[in-house]
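Below you'll find the structure, written out as structure tokens, and then a few comments.
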Amino acid sequence: MLASELDHLDAILLSAFSQMRRIPGKKALQKYVYFLKESRLDIDFKFQWDKWGPYSSELATYVDDLVAEELLDSEEERVPFGGSVESKGIQYNFSVTPKAEKLIASVHLSSDETKKIEDIVKFVHDIKPGNLELYASVHYIVNFLTTKGERDRLPGSLTDLMDDYNRGRFDDAEIKRAYDNLKTYHFL
């Protein structure tokens, strides 16, 4: 692939992935791109509710393509699964390849796009990548799965709503903290 073949979506996402250095898992990558899209970057993937929060099958295919084109590296890591240290699952960690870094160096993003990416990277680092599922779930539920009446009762009704969609995954204090932080970062 030549730099001239990098389309604008590739330029945005590869630049964003590069700034994160390492994205710990498919779930974190999905939520990271979700927030990039919600920052009003030109990202057309459609997200829908999944048991782990907002998910895009289009994005999953796109990431597989980036790995196949050797623009994104996918490294397996054995991690605890299901709350048990003995039970191990596989997490796929992602990073931009040297080939992609060369392509990124030859593209230009607007200052607005660069700022939005930097703001999301700072946000993710501040909340920790491991909390992306919680934050993306709270954001998605508040913005896309609530009625006006439910929104009028926020944040009080949020723990019940979260339990409806993400049963038992997070405690009340975590949900409230995520909601407050999303407001502080102007996502809600």
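Each of Val79 and Ser111 was given a label point 7 Å from its Cα along the Cα-to-Cβ line. The distance between the two points is 3.7 nm. Mean residue ellipticity, 222 nm, helices only, the chain: the sum of -39500 (n - 2.57) across DSSP H runs of n ≥ 4, divided by residue count and rounded to 500, is -16500 deg cm²/dmol. If you run the Gaussian network model on the chain, springs between alpha carbon atoms under 10 Å, then out of Val33, Val79, Val63 the most flexible one is Val79. In a reduced charge model with +1 at each Lys and Arg Cβ and -1 at each Asp and Glu Cβ, the chain shows a dipole moment near 560 debye about its Cα centre.
Surface composition of the stretch 33-188: carbon plus sulfur atoms contribute 49% of the solvent-accessible area (1.4 Å probe, protein chains only, all chains present).
Against the chain, whose longest principal axis comes from its Cα atoms, helix 8-20 is set at around 70 degrees. In the set (1) 35; (2) 15; (3) 20, the label that goes with percent of Cα pairs over 31 Å apart computed for this structure is (3). Distance between the modelled labels on Arg167 and Lys99, one decimal in nanometres: 4.4 nm (7 Å Cα→Cβ projection). In this structure the stretch 41-188 gives 58 Å² per residue of accessible area when probed at 1.4 Å with all protein chains present.
Listed by chain and number, the lysines whose alpha-carbon sits under 22 Å from that of Lys26, ignoring those within fewer than 8 places in the same chain, are Lys37, Lys46, Lys51, Lys88, Lys99, Lys116, Lys122, Lys128.
Just to verify a number: FRET efficiency for Glu69 and Gln48, C-beta to C-beta distance, R0 = 25 Å, to 0.05? Efficiency computed from Cβ-Cβ geometry: 0.45.
Helix 172-184 axis versus longest C-alpha principal axis of the chain: approximately 60°, rounded to the nearest ten. Here the Gaussian network model covers the chain, with springs between Cα atoms less than 10 Å apart; of Asp172, Asp164, Asp119, Asp164 fluctuates the most.
For the peptides 132-140, 41-49, the ranking by packing is 132-140, 41-49, with the highest mean count of neighbouring Cβ atoms within 10 Å listed first.
The values are calculated or read from the model by the stated rules, or taken from the named source; none is laboratory data. The structure presented is a predicted model; accordingly, all values stated were derived computationally and were not measured. Here the Cβ is made from the backbone with ideal geometry for all residues, glycine too, and neighbour counts use every protein chain on show. What goes into the accessible areas is simple: the full protein's heavy atoms, side chains included, and nothing from ligands, DNA or RNA. Shrake-Rupley method; radii C 1.70, N 1.55, O 1.52, S 1.80 Å.
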